[in-house]
Each structure stands twice: as C-alpha cells, then as structure tokens.
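Take a look at the structure below.
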Amino acid sequence: MGFLRIRTTVDERPGRLASLAAALAEKGGNILGLSVHPDADGTVDEFVADIPASADSVREALEGAGGRRVQVVPASAHELTDEPTRALLLACRLRAMPWRLPELLAELLRADDARWLYGEQVSELPDPTQLVVPVAARRAVRLRRAGLPFTLTEAARAASFVRLAQPPAQQPGGERTVRLADGAEMTVRPLTSIYREAVRDLHERCSPESRRFRYFTSMPALPPRMFDRLCDRDRGHSLVAGHDGQAVAMANLMFTPDPGIAEMAFLIEDRWQGRGLGKALARMLVMEARDLGYAEVRATMLSDNARMRRLLISLGATLGYTEDPGVVEARLPVGALVSA
C-alpha cells in the first residue's frame, strides 16, 4: 500500500469523474482527497489515494477511463491535511512575515523551489512546471515543481495569496479614478441601482453597432430585469465609469456555474472607445476576479468585434472559435495580468 497524488485532464462531461473513481476502485484504491482544477483545455481532477497498484498501472487504468495527460507521483500522509485549513494557517504566517512570501508560496503549492525575479526576468514561462507569480510591475516569484505542472487554479490561488502581503488596492468606498492617456479622468464605481437612469442614457447614446457588440443584438435599452441582475453582487461584480456627470461605460464581471471561471463584458460609449478606457476597466475586472478566487476570466464576442479582440489579446488572452462560426471566445488566466 502507498499514497499517490494523481492528476488527469478530462473533458467536461457528466459522469467522467465517476468513471475515474471506478477505475481507481478496480485497482484497490481508497480515495482520500479530491480537488478539481479548471484549466486551459479541460478540467484537471486531482486525487490523493491509498492504492496498492503501481504508478504505471494506475496511469493505464485512468487513460482507459477517459483521462488525458495522467500524472502519478508519490505522496505522503502529511498531504492529507485539510486544504482550506492549511491555506488559512499559511495565510496567517504570511501576514506576520510578508518577507517570507516565496517560501510560503512554495509551501502552499508544494513547489520544489521558489525565488524572487526582478526587472527584465519577470515574464511568463512556457514551461508548465514553472509558475511566475506577479507581485509588482517588475517583481515576481518563480516557482518550480517537477512531476506535476501548475494549473490555472493554482495560479489563481498563488495570486490571491500574494495579495495578503500587499496593501489594499481599492480606495475607501469603492471609488477609483482612472486617468487616460489623453489626460481625461474617469471615476469608476461599483454599479448599483442608483445608476439606473444613467445606464439607460448610456445605452441611448451608444450606436446600434456598439450595442450589438455587447449584447449580440442592437437592443435600444437594457431591460429592467437584466439591469437588476447586473447589480446583484451574488451574481457578479459590475462597474460604471463616469465623466462630467454622465455614465460613459459599464463593465460586468458575471459568475458562472463552471468552477473557477467568470465572464466579463463591456459597453463603452462610442466617443470614448479606443482611448484606453476599456483596457483599464478590463484590468479592474480581472484583478477583482483574482481577489475573488477565480482562475480564469472569459469573454464571448462577435467575430467582427476587432477592437475587443485586440484589447483582450493585449492582456494575454487566447482566442478560440465556438460552435457558432460568428462567435469567438477569449480565455484569460487571472494570474497572467500584472497591475501597472
């Protein structure tokens, strides 16, 4: 008998997890821990199991059950501690000793090595066994772990952990000021019901094409029920940007049923497009998703929305077509964004 940590990527289909569990049971395995990681091309299921079979036979069994890129490494009884409790204890240590951030990050993700990166060294690495965790614009922590590549979920955990060692980014009351490249200043606040009329006016000033890019149809007004849903903090976090007493943009981060994934969308008045406001709002939403513990932010857009495609690519998103040839999906790992 021995403890094994097992990871496998699976397609997001009902019953796939049950098939993997049955395959482990056939090998005499006793599953002692389970976690699910959304990742770039599927879901990564991770098991800690007490199992008498060899690593090779476990790998073959899971591949036969539909698993892809199955990885099996030795584990220890120490790894059976409750994960939320372990993370909270590490968070307490970080608050007391923030200068030990690399060491504690390594412990959080069970990495083999962690060290600071500075200046030009700070960049994303193509090697999946290395993870660069941004701390500031020109400072990061690089983690290495042989055997188990890092997932998007682990990148999100690391980014949230780093925030504990940093001062609050948001001003009291939730109001932020954004200065665009041309000197114009925007006031950005959380979207609430008091902005109902302002958002209605924003929709009326936007061109039919701008509304079509946002809603896939050039609806002349936002239905009251949809506006209320955007204001519901249990369903998502939305922002409204104002200038000279008018709402000139709305940005929405909506929670989804998919673990670790949120969706974002924007509506920006035509005269303010192409001036950097969309990018500033996108960065705010992604940072908020990171702080909420999400691993990835997605955006669905019409294929002819070239400006939105360029914006998301500039932030590090990857684009892919959906079943609808006229619709494109962007996927942005929250750990890939560094706050300027």
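Take the stretch 311-340 and flag every residue that is closer than 19 Å to Pro128 by Cα, open to solvent by 30 Å² or more (accessible area, probe 1.4 Å) and modelled with pLDDT of 90 or more.
Within the stretch 311-340, Thr318, Arg331 qualify.
Residue check: is Arg271 in contact with a helix residue (DSSP H, G or I) (Cβ under 9 Å, 6 or more places away or on another chain) and under 21 Å from Ala306 (Cβ atoms)?
Yes, satisfied.
On the basis of being in contact (Cβ under 8 Å) with a residue 24 or more places away in the chain, of a type outside the set (A, V, I, L, M, F, W, C) and crowded, with 22+ Cβ neighbours inside 10 Å, does His237 make the cut?
Details: in contact (Cβ under 8 Å) with a residue 24 or more places away in the chain: yes; of a type outside the set (A, V, I, L, M, F, W, C): yes; crowded, with 22+ Cβ neighbours inside 10 Å: yes.
Considered against the rule, which asks whether it is in contact (Cβ under 8 Å) with a residue 24 or more places away in the chain, of a type outside the set (A, V, I, L, M, F, W, C) and crowded, with 22+ Cβ neighbours inside 10 Å, His237 comes out as yes.
Take Ala280 and decide whether it is closer than 19 Å to Ser207 by Cβ and either open to solvent by 60 Å² or more (accessible area, probe 1.4 Å) or at pLDDT 90 or above (or both). Steps first, please.
On the way: closer than 19 Å to Ser207 by Cβ: no; either open to solvent by 60 Å² or more (accessible area, probe 1.4 Å) or at pLDDT 90 or above (or both): yes.
So Ala280 does not fit the description; no.
Restricting the stretch 117-147 to residues that are modelled with pLDDT of 85 or more and in a loop (DSSP other than H, G, I, E, B), which is most open to solvent (accessible area, probe 1.4 Å)?
Only one residue fits best here, namely Ala146.
Counting only residues that are touching a strand residue (DSSP E or B) at 6+ places or on another chain (Cβ under 8 Å) and under 21 Å from Thr187 (Cβ atoms), how many does the stretch 234-270 have?
Of the residues in that region, 21 qualify.
Can you work out which of the residues in the stretch 284-310 that are among the aliphatic types (A, V, I, L, M) and in contact with a Gly (Cβ under 7 Å, 6 or more places away or on another chain) is surrounded by the most Cβ atoms within 10 Å (Cβ to Cβ)? Lay out the reasoning, then the answer.
First pass over the stretch 284-310, keeping only residues among the aliphatic types (A, V, I, L, M): 284-287, 289, 292, 295, 297, 299, 301-302, 306, 308.
Checking the rest, the ones that are also in contact with a Gly (Cβ under 7 Å, 6 or more places away or on another chain) come to 295, 302.
Working: Ala295: 25, Leu302: 17.
Once the filter is applied, the top-ranked residue is Ala295.
So which residues in the stretch 188-200 are touching a strand residue (DSSP E or B) at 6+ places or on another chain (Cβ under 7 Å) and either open to solvent by 70 Å² or more (accessible area, probe 1.4 Å) or acidic (Asp, Glu) (or both), if there are any at all? Talk me through it step by step, then tell me what you get.
From the stretch 188-200, those touching a strand residue (DSSP E or B) at 6+ places or on another chain (Cβ under 7 Å) are 188-191, 195, 198-199; that's our starting set.
Arg189, the sole residue that qualifies.
Which one of these is under 30 Å from Ala317 (Cβ atoms), without any contact (Cβ under 8 Å) to a residue 60 or more places away in the chain and not aromatic (Phe, Trp, Tyr): Glu26, Glu60, Glu83?
Values: Glu26 fails: under 30 Å from Ala317 (Cβ atoms); Glu60 fails: under 30 Å from Ala317 (Cβ atoms).
Going through Glu26, Glu60, Glu83 in turn, just one is under 30 Å from Ala317 (Cβ atoms), without any contact (Cβ under 8 Å) to a residue 60 or more places away in the chain and not aromatic (Phe, Trp, Tyr): Glu83.
The values are calculated or read from the model by the stated rules, or taken from the named source; none is laboratory data. Computed from a prediction, not measured in an experiment: that's the story for all the values here. Every residue, glycine among them, receives a Cβ derived from its backbone with ideal geometry; neighbour counts consider all protein chains shown. Side chains included, ligands, DNA and RNA excluded: accessible areas come from the protein's heavy atoms. Shrake-Rupley method; radii C 1.70, N 1.55, O 1.52, S 1.80 Å.
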